[in-house]
Amino acid sequence: MDEVKDKPEGITQAKALTWRVILAYLFIIAVIQPAIVYNWLVNGLWGLAGLSSWAVILLWVGLTRRMGSPLTSREIFAIRMIDSAGLMYTGYYFAYILRNMYFVNSEIAKLFGLQHEVPRFFSPLGEDFLRVSLRRTFIDPSWTLPILICIVLPVLFTAIANYILGLIAFSLYVREERLVFPIASWDARMMMAFGERDLSKIRVISLAIAGGALYGFMTSGLATIFGRPMVPRLLIDFTGILENALPGGAFAFTTDFLAYAIGFILPIKYTAAQLVSSIALYFFGNYYVTINDLWPDECKWQPGRGILWNFNMSTIYFWNSFTIGWGIAAAIIPLIVRYKTVIRAFKGIGRSLSGGGSAGSILFNAKYLILIYLAIAATAITIVRTLVPGFPIWILLLFTIGMSFIITLLQTHSAGIMVGINIPYLRETMIYFSGYRGLDIWFIPPEMMLYLGGSGITQQILQASMLNVNLKEYTRIYFLLVSLGLVGSFVFVSLFWSLYPIPGHAYPYTISGWPVEAMNFWRWQSWLWTGYLFRREWMLSGFGLSAILYLISDFVLHDASIPIAMMGGMLTQIHVALAQFAGSLLSMAAAKYIGKKFWDENRGFIYMGLILGDSLVSAFLLLIQLVNRSIWLMPY
């Protein structure tokens, strides 16, 4: 990538972390983070309908401009980091351990008769539970182990491990493979446009934001206010029509324009590969499963199920296994075939992005970073083995060290060409193939055993390099945000709990939703051992086909990214893959009729502006609903 280059040493740079950025962090911790947690406690919704740090950035850009000293690109980047570092969502930390306490002390837990197997490090139990429920405080000795094991150590280990894995992936996929990273790169260009006050680009972005807001109002806004949108966002399902000729096959398309807009910035060859694999699995693959009567007895296909049932159930029972095998091959085979590139990437980990001299080279030395990663993994494995002595150590080594690395490569490679992917049920995969039947392993936080955030770090570092943010300053900001997230979660969840009991009538979802989640929590452990979720033969088939396709793609088509793009389709519903492919076609048409130069310079701004405008409307509507649901608690 042209934007990623080494910066000469000795050049003085403006700081990214300034007092104005600190004020933005405090605003998020004091206002947005509590609203997000409250929304979950009341509505059971994760996040605030797409509200991102860009809303804060736009607010801060306006305020600082009126003060006569607009934000710089680096300051905007520092604020933008709150999304990828998770500051908006770290408020869930302490809310989740309250939910854990409910899970293991509820009537549902007693119904399953497994309370005696719940370890003390997961939640206060018995008399401890009664005491902390009455006092409604985390300042109690019975909370020491749960907070340490379920929050502090996982957050610390994942922060360090993900950071190191992100540096490795950056060196491999940005410096060596020079992948495009379309979403992260356009996001950085948008920060640059506002920071440099490029009026021509800001004008395009502003028009796109206005267009997205208008679209959001005509769809979500009018539907909320009047119950009927002017422009509906519909899923047109043709599955019922196809069932007579192709039982089990599914097909649909969506009328949501924003699902198409992302195709503006995605290469058409990859959206086409993604669409082919999605159709292959969920159209022809499900037809094959159905006519051969492969559906398990507990979940038989029937006409009229529709595409959503079709996708969800076939993914759980068949294609998840196939995709895991496919992904492992897609990550491992390139490491073998392109071993020289991998060696260069490891040697280049410590190259400073913005100078830094010898101190920077020592601080980010590849050997030391890898040793730190191995030390973190070894410490985590030791703690898990101490808490769960019977769990096989070989599976911990394989997943904590190996699988974390492999999945980071998969996610980063995918984000480098299209959109980042997430492989579901990895912890369940680890437990299933360990053969360990004890219940205690289920109470270990997955973050203690798997580190899956390295791809986000890679994209942050890419953006830092594009905006000339020093790697050491990025590192300081990253770990500062991790620390602030922990503190903010403790303070505001404690406040919510002190005001009203949790679960309790003041937080409706804790009464209506937590019992359902508790039932699923206790049922899941027994269902896993039915063997439906992980099928070895499907995994081996996926691995073999992926390996063959990689070799063909690399040596014949000279594009090793095609198997990764196809894997994205295996995790994507047909109507989404179709929309992204159609968006890529629209992008080609727009370049022809609007002008290639203008379109290539602005298509990402148009996409991101549309998404931002729509998300702002959605967040505003949700905030209104939250306020309305809170009023009934007032004493009048």
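Structural remarks
- Amide H to amide H, with H built 1.01 Å from N, A252 comes under 5 Å of F238, H575, counting only residues 5 or more places away or on other chains.
- Cα gyration tensor category, rounded, prolate or oblate, for region 89-206 with a/c compared to 1.5: prolate
- Rounded if a/c under 1.5, otherwise prolate or oblate - region 529-592, Cα gyration tensor axes: oblate
- Of all aspartates and glutamates in the structure, the ones whose alpha carbon falls short of 14 Å from that of K347, not counting any fewer than 8 places away in one chain, are E176.
- Against the empirical curve 2.2 N^0.38 Å, the C-alpha radius of gyration of region 17-167 lands at a ratio of 1.32.
- Estimated translational D of region 379-507 in µm²/s (Stokes, Kirkwood radius over Cα pairs; 20 °C; 1.002 mPa s): 121
- Cβ-based net charge around A415, under 13 Å, with every Lys or Arg adding one and every Asp or Glu removing one: -2
- Whole-angstrom Cα spans of region 454-519 along principal axes, big to small: 50, 26, 16
- ³J(HN,Hα), Karplus 6.51/-1.76/1.60, whole Hz, each residue of region 539-553, x for Gly, Pro: 5, 5, 4, x, 4, x, 5, 5, 4, 5, 5, 4, 4, 5, 5
- Derived scalar couplings between HN and Hα for region 28-36 equal 5, 5, 8, 10, 6, 4, x, 5, 5 Hz in order, rounded to whole Hz, by the Karplus curve 6.51 cos²θ - 1.76 cosθ + 1.60 (θ = phi - 60°), x for Gly and Pro.
- Using the average count of surrounding beta-carbon atoms within 10 Å as a protection proxy, the listed peptides 264-271, 552-559 rank, highest first, as 264-271, 552-559.
- Exposed loop sites here are GluC sites (Glu not before Pro) assigned a DSSP state other than H, G, I, E or B and surrounded by at most 16 other beta carbons within 10 Å; excluding them, the longest clear run of the chain is 197-636.
- Projecting the alpha carbon convex hull of region 221-352 along each direction and taking the average yields 13.8 nm².
- Spatially proximal lysines relative to K592 (Cα-Cα < 24 Å; intrachain offsets below 8 disregarded): K201, K269
Values in this text are rule-based calculations from the coordinates and carry no lab data. Fair warning: this is a prediction, and the values are worked out from it, not measured in the lab. All Cβ positions, glycine included, derive from the backbone under ideal geometry; neighbour counts span all protein chains shown.
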